Amino acid sequence: MKLKIRTGFGYDVHQLQEGLDFWLGGIKIPHTHGALGHSDADVLIHVICDALLGAANMRDIGFHFSDKDPKYKGIDSKILLKEVVHLLAREGYEIGNIDSTVCLQEPKVNPHIPAMKTCLAEVMGIPEEDISIKATTTEQLGFVGKKEGVAAFATVLISKE
Ligand SMILES: [Zn+2]
């Protein structure tokens, strides 16, 4: 049987606002500011969802979980990610690996990466070694550098027999 391998890509941005909880990679990061959004605004989970859906050619996160739907107001993005993994599994897809980058000026993301990997591996039911999370600042440039927002990118590989 021929193995079908596909790649997917995701990009997302959220504004940062003072006093909000800052959810990133499924965990709460201690910080003065948090990301603004209809859901919990977890930008890393959102790009992983979009990359997975894109790889399967199943539209995007906004198509499946509308930000106009009160059902998703303040929702834990881990629930959305779990649902995306189920949608792909229903089509016979398995996740190969995920590579991602979070762009944030502050706070430092690196110390939180091990906990994010543990959390996301559990949510998706895949080994931690198949999840890569990287972090970068933008050297004070642009909306990320000016601490106005957080951005993230992810690529994934999925396959089915
Ligand atoms: Zn988002």
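The values are calculated or read from the model by the stated rules, or taken from the named source; none is laboratory data. The model shown is predicted, which means the values in this text are computed figures rather than measured ones. All Cβ positions, even for glycine, are placed from backbone atoms using ideal geometry, and neighbour counts span all protein chains on display. Ligands, DNA and RNA are stripped out before the accessible areas are found, and what is left, the full protein with its side chains, is counted by its heavy atoms. Shrake-Rupley method; radii C 1.70, N 1.55, O 1.52, S 1.80 Å.
Straight Cα distances below 19 angstrom link Lys4 to the lysines Lys160, with same-chain residues fewer than 8 positions distant left out.
Put simply, the amide H of Ser39, placed in the peptide plane, has neighbours under 5 Å in Gly74, leaving out anything fewer than 5 places away on its chain.
Label-to-label distance for Lys2 and Lys160 is 1.5 nm, based on points extended 7 Å past Cα in the beta-carbon direction. With protein chains left intact and a 1.4 Å probe, residues in the chain average 52 Å² of accessible area per residue. Surface composition of region 38-135: carbon and sulfur make up 49 percent of the accessible area, probe 1.4 Å. Relative contact order of region 34-161, taken over Cα pairs closer than 8 Å and 6 or more residues apart, is 34 percent.
Sorted largest first by accessible area at a 1.4 angstrom probe radius, with every protein chain in place, the residues Ile131, Ile61 fall in the order Ile61, Ile131.
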